[in-house]
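The values are calculated or read from the model by the stated rules, or taken from the named source; none is laboratory data. Bear in mind that the values here come from a model prediction, so they are computed numbers and not experimental data. In this analysis, Cβ positions are derived from the backbone assuming ideal geometry, glycine residues included, and neighbour counts consider all displayed protein chains. The protein model used for the area step is the full one, side chains on, heavy atoms only, and it has no ligands, DNA or RNA in it. Shrake-Rupley method; radii C 1.70, N 1.55, O 1.52, S 1.80 Å.
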Amino acid sequence: MAKDNSSQPDIMPLPAGSEIHPKGLLEAISYIDQQFANELGGCMINSRFLTTKQRIEFMEVGFRSSFISGVISALLTPVAIGAIERYIPIFGNSNPCFFDQLSALLLALCFSLGYAAFIAKSATSYIGEYTKSMVRNLLGGMLFGAFIKVVLIYIIFNSIYFFVFTEKNVLWITSKFYYMKMTSEQVSNVYSWLLGFKSIFLTSSNFVVISTLIFVLIPFGAYYWASLRNKRLVKAGAIKLETKAF
């Protein structure tokens with residue numbers, strides 16, 4: 001007589017002897033997606049099966065993704081703000097239109113927002129406590145990386161504004177242009193440009209704080225939405241949770 005498997009959960013196990021050790025963001029998302037599929041198939045695993053080493057690895061992935069993408073976006077921010085404030089030409093135009101200014105703004109945001117979208121996707125891929133622990137550690141590392149990045153960049157940009165672009169330093173820089181056989185008017189224009197451009201770093205430091213807040217809110221908003229979804233599923237009896245993640 002054939003064995004009836006209709007009552008067994010639809011599970012896609014990992015290969016025998018393999019363990020979850022994410023080395024990058026895409027790999028971490030793949031592990032979360034795979035275990036999420038198992039939970040949708042009815043396989044609920046206790047969160048204690050996620051070892052301390054694995055939790056740290058998920059945090060490391062979240063930290064690196066958040067910090068690296070944030071630093072790249074932060075370095076592009078003065079260029080974007082400079083283009084918006086018409087200090088830097090964009091697309092060969094020193095007087096950019098609204099579309100050009102919007103493109104400059106996206107230049108500073110698109111990289112970190114892309115990472116935020118990837119992390120937000122994984123933040124919704126949990127039902128049981130096993131995947132929930134993965135997601136929490138990934139988000140925890142992301143939050144810590146974002147915090148370290150915003151503090152570091154804020155200090156650097158404000159230091160450039162207050163200690164690098166001083167009037168004494170700007171005068172010293174512009175004085176060197178006399179040796180390039182530039183006219184007094186041209187040197188004066190360089191001096192005015194440098195003094196005006198220094199405010200870009202102050203604006204950029206505030207912009208980095210706001211953009212980092214947006215970067216953090218997107219994945220955590222997705223995580224909160226998933227928690228509401230899971231509560232509806234539990235209330236409807238579609239899933240049964242037995243343990244709590246920690």
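Structural remarks
Per-residue answers, yes or no, for (1) among the basic types (Lys, Arg); (2) assigned to a helix (DSSP H, G or I):
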| position | (1), (2) |
| --- | --- |
| ARG48 | yes, yes |
| GLY62 | no, yes |
| GLY82 | no, yes |
| PRO96 | no, no |
| ALA104 | no, yes |
| ALA108 | no, yes |
| ALA120 | no, yes |
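- The range 168-191 - residue that is assigned to a helix (DSSP H, G or I) and basic (Lys, Arg) and, of those, modelled with the lowest pLDDT: LYS176
- Any chance GLU60 is more than 30 Å from TRP193 (Cα to Cα) and in contact (Cβ under 8 Å) with a residue 40 or more places away in the chain: yes
- Complete set of residues in the range 21-33 that are touching a Pro at 6+ places or on another chain (Cβ under 9 Å) and surrounded by fewer than 16 Cβ atoms within 10 Å (Cβ to Cβ): SER30
- Residue within the range 146-167 that is modelled with pLDDT under 90 and assigned to a helix (DSSP H, G or I) present: yes
- All conditions but one from (1) hydrophobic (A, V, I, L, M, F, W, C); (2) open to solvent by 70 Å² or more (accessible area, probe 1.4 Å); (3) outside any helix (DSSP H, G or I) apply to LEU75; the one that does not is (3).
- Which listed residue is among the aromatic types (Phe, Trp, Tyr), within 24 Å of SER69 (Cβ to Cβ) and assigned to a helix (DSSP H, G or I), from TYR126, TYR130, TYR115: TYR115
Per-residue answers, yes or no, for (1) open to solvent by less than 80 Å² (accessible area, probe 1.4 Å); (2) without any contact (Cβ under 8 Å) to a residue 60 or more places away in the chain; (3) in a helix (DSSP H, G or I):
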position: LEU195; (1), (2), (3): yes, yes, yes
position: ILE210; (1), (2), (3): no, yes, yes
position: ILE218; (1), (2), (3): yes, no, yes
position: VAL234; (1), (2), (3): yes, yes, yes
position: ALA238; (1), (2), (3): yes, yes, no
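- Residue in the range 87-108 that is of a type in the set (S, T, N, Q), open to solvent by less than 40 Å² (accessible area, probe 1.4 Å) and within 15 Å of the chain's Cα centre (by Cα) present: no
- Condition check for ILE81: aliphatic (A, V, I, L, M), over 18 Å from PRO219 (Cα atoms) and surrounded by fewer than 22 Cβ atoms within 10 Å (Cβ to Cβ): no
- For the range 132-190, taking the residues that are among the charged types (D, E, K, R) and surrounded by fewer than 17 Cβ atoms within 10 Å (Cβ to Cβ), the one that is farthest from the chain's Cα centre (by Cα) is identified as LYS181.
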